[in-house]
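The values are calculated or read from the model by the stated rules, or taken from the named source; none is laboratory data. Predicted, not measured: the structure shown is a model, and the values here were computed from it. Every residue, glycine among them, receives a Cβ derived from its backbone with ideal geometry; neighbour counts consider all protein chains shown. Note: areas computed on protein heavy atoms with side chains; ligands, DNA, RNA excluded. Shrake-Rupley method; radii C 1.70, N 1.55, O 1.52, S 1.80 Å.
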Amino acid sequence: QRHPDVELHFTDWNCYHSDPVEGINVFVFESTYLTSFAEKGYLLPIPEDIIKDRDDIFPYTIDGCYVDGTLYALPQLLCADFLFTRKGDGELAVVTDIEGLYRVLGARKEETVIPGENEGLLADPSNKARKYLDVLTDEQQKYSDYGTLPDVSDLSAVAVEKLRELRKMSGEELVRYLTENKGKRALLPEWFADGKGRAFIGYSESMALMGDAAGQMDIRLFSYSDRKNIPVFYTDLVGISAEIDEERKELAYELANILLSEEVLTKMSMPGEEGGSPQYLLTVRSSVYDHLEKEFPIYAKLKEIVENPDNHVFRAGSGVREFIKAADAALTEALTEEELAAAA
């Protein structure tokens, strides 16, 4: 609309599967890969003075976009693992970490895929490598951008035990089912809304699948260890290709700003249809929450969570793609050792 003479082309690209492909000028990717993309020369450094309404953006989200003192991206959306429990469950209302959750739930007894009512944990067993880094952060009580990634041949026994507790609370049948049927993971929030399971771990946008039941849930960040939570957010970032033509740079800066504007982020978060649920997205702009909470009061609670200055952007070093592959394999083996021993 602003530049009718400029033709926009959209293409499919997934940062989880590959590095940026040739021909894309402005693209969104997750902060896990920021260091890698910057060091490989994929990203154009961004002048700080082009950021519009910077005071409206949570400062830590911009701080997390620097690599060696250079700004390489702009923040857009936030994502984190939340613990969902039902209002009225006083025993779980005070739980703030995995250790406390395990003390209440314990290992599942029922050998079924779907837990019964108020029994067990509903959680996605994927992303083991990133969860492992999250556990290490809470265990070490210090934020790290993991510029140097840990050695997967020497896994932390404490971190592995915490991931094993997650697995036990979910039960092997559910873990196996979700591992073999990845497309079924979207059913977890629906099951929880239907009364299955006593606790659920998922992203904030999971509430969009809960319908009216979302209003009956308590939602909070939690620690993956038995120590204080060090809050980290997987952050969607807007990057500009280092290969962009000089005459297109100003247009790229403008498009990047549009992608994280209050108007766009608010529209992205609104219900997809009249009377529907909001998307429950976590944006980097304070004003978006102020606008949305007028119609959806839970956004006041979400704003309280995301505006915390102690929050951090989840980051990993230049070898993160190789690390994830190796760590997932090592963790899969470590987490199934106990199961195999029990079967024997």
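Do we find a residue being among the hydroxyl-bearing types (Ser, Thr, Tyr), surrounded by fewer than 19 Cβ atoms within 10 Å (Cβ to Cβ) and farther than 22 Å from ILE98 by Cβ anywhere in region 170-180?
We begin by selecting, within region 170-180, every residue among the hydroxyl-bearing types (Ser, Thr, Tyr); these are 170, 177, 179.
Those left that are additionally surrounded by fewer than 19 Cβ atoms within 10 Å (Cβ to Cβ): 177, 179.
Narrowing further to those that are farther than 22 Å from ILE98 by Cβ: none.
Within region 170-180, none of the residues are among the hydroxyl-bearing types (Ser, Thr, Tyr), surrounded by fewer than 19 Cβ atoms within 10 Å (Cβ to Cβ) and farther than 22 Å from ILE98 by Cβ.
If you scan region 292-324, which residues turn out to be among the charged types (D, E, K, R), open to solvent by 50 Å² or more (accessible area, probe 1.4 Å) and either touching a Ser or Thr at 6+ places or on another chain (Cβ under 9 Å) or in contact (Cβ under 8 Å) with a residue 40 or more places away in the chain (or both)?
Within region 292-324, the subset among the charged types (D, E, K, R) is 293-295, 301, 303-304, 307, 310, 315, 321-322.
If we keep only those that are open to solvent by 50 Å² or more (accessible area, probe 1.4 Å) as well, we get 293-295, 301, 304, 307, 310, 321-322.
The answer is LYS301, GLU307, ASP310, ARG321.
Just one of the listed residues (PHE27, PHE10) is over 16 Å from ILE324 (Cβ atoms), among the aromatic types (Phe, Trp, Tyr) and touching a Gly at 6+ places or on another chain (Cβ under 7 Å), and it is PHE27. Can you confirm whether GLU247 is open to solvent by 60 Å² or more (accessible area, probe 1.4 Å) and either of a type in the set (Lys, Arg) or modelled with pLDDT under 95 (or both)? Answer is yes for this residue.
For ILE240, the conditions (1) within 21 Å of the chain's Cα centre (by Cα); (2) at pLDDT 95 or above; (3) buried (at least 20 other Cβ atoms within 10 Å of the Cβ) all hold with the exception of (1). Against the numbered list (1) within 19 Å of the chain's Cα centre (by Cα); (2) under 22 Å from SER204 (Cβ atoms); (3) at pLDDT 95 or above, LEU92 comes up short only at (1).
Of the numbered criteria (1) within 20 Å of the chain's Cα centre (by Cα); (2) outside any loop (DSSP other than H, G, I, E, B), the one ALA38 fails is (1). Of all residues in region 273-286, those that are open to solvent by 20 Å² or more (accessible area, probe 1.4 Å) and either without any contact (Cβ under 8 Å) to a residue 12 or more places away in the chain or polar (S, T, N, Q) (or both) total 7.
If I filter region 8-16 for residues that are under 29 Å from GLY319 (Cβ atoms) and touching a Phe, Trp or Tyr at 6+ places or on another chain (Cβ under 8 Å), do I get at least one hit? Even if it seems obvious, please write down each step before you answer.
Filtering region 8-16 for residues under 29 Å from GLY319 (Cβ atoms) gives 11-16.
When the remaining residues are screened for being touching a Phe, Trp or Tyr at 6+ places or on another chain (Cβ under 8 Å), the result is 13, 15.
Looking through region 8-16, at least one residue is under 29 Å from GLY319 (Cβ atoms) and touching a Phe, Trp or Tyr at 6+ places or on another chain (Cβ under 8 Å).
Scanning region 117-135 for residues that are modelled with pLDDT of 95 or more, of a type in the set (Phe, Trp, Tyr) and surrounded by fewer than 21 Cβ atoms within 10 Å (Cβ to Cβ) turns up nothing.
Please go through (1) under 30 Å from GLU22 (Cβ atoms); (2) open to solvent by less than 60 Å² (accessible area, probe 1.4 Å); (3) of a type in the set (A, V, I, L, M, F, W, C) for MET270 and return the number of the only condition it doesn't satisfy. The failed condition is (1).
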